[in-house]
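Contents: one structure, followed by commentary.
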Amino acid sequence: MNRPGRLLTDEKFELYEEHGYVVIDDLLSKEEINRLSEIVDELVAKAANLERGDDYYDLEPSHSPGNPRVRRLKKPIFQHEAFDRLARSSTILDIVEQLIGNGIRLTHPNGKINIKAAEYGSPVEWHQDWAGYPHTNDDLLSVSIPLDDVELENGPLLMIPGSHRGPVYSHHSNGVFCSAIDPVRDPLDYDKAVPLTGKAGTVSFHHVRTIHGSALNTSARSRRLLIYQYGATDAWPLTGGISIASFGKTIVRGDLAVQPRMEALPVRLPLPVAPNYDGLYTSQENASNRYFEVHGSDRNSAQNADLR
């Protein structure tokens with residue numbers, strides 16, 4: 001039965017509560033996806049002039065001028081108004097409101113697009129988003145929108161059901177925050193991970209503490225993933241520092257809450273930051289042990305070495 005006046009059914013809402021993620025098929029139209037895909041292609045083409053990453057582009061190690069290989073667009077909301085418009089749309093926010101309440105802010109106002117290009121797209125190690133940005137409460141989530149059809153071969157998101165109710169694991173290695181769980185130190189049952197496959201336009205919502213990752217793209221097809229991250233307006237960040245003015249600018253629904261809602265939750269501060277830190281990918285380069293295979297690396301992955 002549908003929840004009155006809302007997009008999520010009771011069943012879907014309960015799945016999110018139980019598993020820490022939920023998938024909504026065909027939330028965006030083919031026309032919407034095609035337009036966003038065209039914009040991404042235009043933005044990626046501009047990276048042909050770059051020799052190294054900058055404030056807008058995170059590049060694959062194999063990138064070279066004239067052969068642009070982008071693994072992340074860092075600020076799509078600022079790079080094109082279509083991404084800003086979608087981040088504030090009722091299509092997305094009506095569902096987010098069901099999951100975290102009617103006061104909503106963009107915890108990451110830039111947005112991001114992770115790109116796994118055909119045959120070389122980088123993996124993302126197992127992690128909990130919460131490890132990178134703990135707040136006074138955990139009414140936070142990510143919205144992931146694939147711009148390509150996603151199958152097992154092109155690196156789907158992998159979710160470990162129910163992990164949002166479990167521990168917050170260390171994401172440190174060699175004395176620095178590395179944005180990754182060590183699969184040797186913490187040999188979780190990664191085989192239970194569920195791949196979020198589906199058609200472009202399918203949208204997933206996952207809790208900030210849900211353990212997730214994604215493998216290499218070994219296919220001849222790309223996998224581009226637009227990601228928005230939201231939090232309740234009474235969830236205030238524990239690190240990074242933020243002013244009332246900057247906090248208020250990130251609110252997309254509801255009003256400013258100057259009284260944080262405090263909950264007794266496990267927290268590990270994402271400090272110290274690695275010297276080479278420039279986002280998730282460079283942070284994970286500091287991990288002593290990796291689960292997923294990396295292109296061109298002679299390091300054994302825990303997956304292949306059967307260290308689980």
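Every read-out reported here was derived from the displayed coordinates using simple, explicitly stated rules and does not represent laboratory data. A quick note: this is a predicted structure, and the numbers were derived from the prediction, not measured. Cβ atoms come from the backbone with ideal geometry, glycine included; neighbour counts cover every protein chain shown.
For segment 131-267, the Kirkwood estimate of the hydrodynamic radius, built from every pair of different alpha carbons, is 16.9 Å. Of the Cα atoms belonging to the chain, the radius of gyration and Dmax stand at 18.5, 54 Å.
Compactness of segment 72-131 was expressed as the Cα radius of gyration divided by 2.2 N^0.38 Å, which yields 1.35. Built from the Cα atoms of segment 120-162, the convex hull projects on average onto 4.3 nm², one quarter of its surface area.
Contact order for the chain, expressed relative to its length and based on alpha carbon pairs under 8 Å spaced 6+ residues apart, stands at 26 percent.
Given R0 = 25 Å, the distance between the Cβ atoms of residue 25 and residue 82 translates into a calculated FRET efficiency of 0.70.
Computed over the alpha carbons of segment 1-149, Rg followed by Dmax gives 17.1, 54 Å.
Which length gain, in nm to one decimal place, applies between residue 64 and residue 89 when the Cα-Cα distance is subtracted from 0.36 nm times their residue separation?
Details: separation 25, 0.36 × 25 = 9.00 nm, distance 3.63 nm.
Separation in residues times 0.36 nm, less the Cα-Cα distance, equals 5.4 nm.
Distances over 20 Å make up what percent of all Cα-Cα pairs in segment 193-289? Numbers along the way, then the final one.
On the way: 2789 of 4656 pairs.
Percentage above 20 Å: 60.
Expressed as a whole number of Å, what is the distance separating the alpha-carbon centroids of segment 117-143 and segment 210-254? Here the two parts' Cα centres lie 8 Å apart. Calculated [222 nm] ellipticity per residue, helices only, for the chain: -5500 deg cm²/dmol; basis is -39500 (n - 2.57) per DSSP H run with n ≥ 4, divided by all residues, nearest 500.
If you take the beta carbon distance between residue 288 and residue 219 as r and set R0 to 22 Å, what does 1/(1 + (r/R0)^6) give as a FRET efficiency, to the nearest 0.05?
On the way: r = 29 Å, r/R0 = 1.32.
Using R0 = 22 Å, I get an efficiency of 0.15.
Across segment 188-219, the residues whose backbone nitrogen lies under 19 Å from the label position 7 Å along the beta-carbon direction of residue 118 are 198-200, 216-219.
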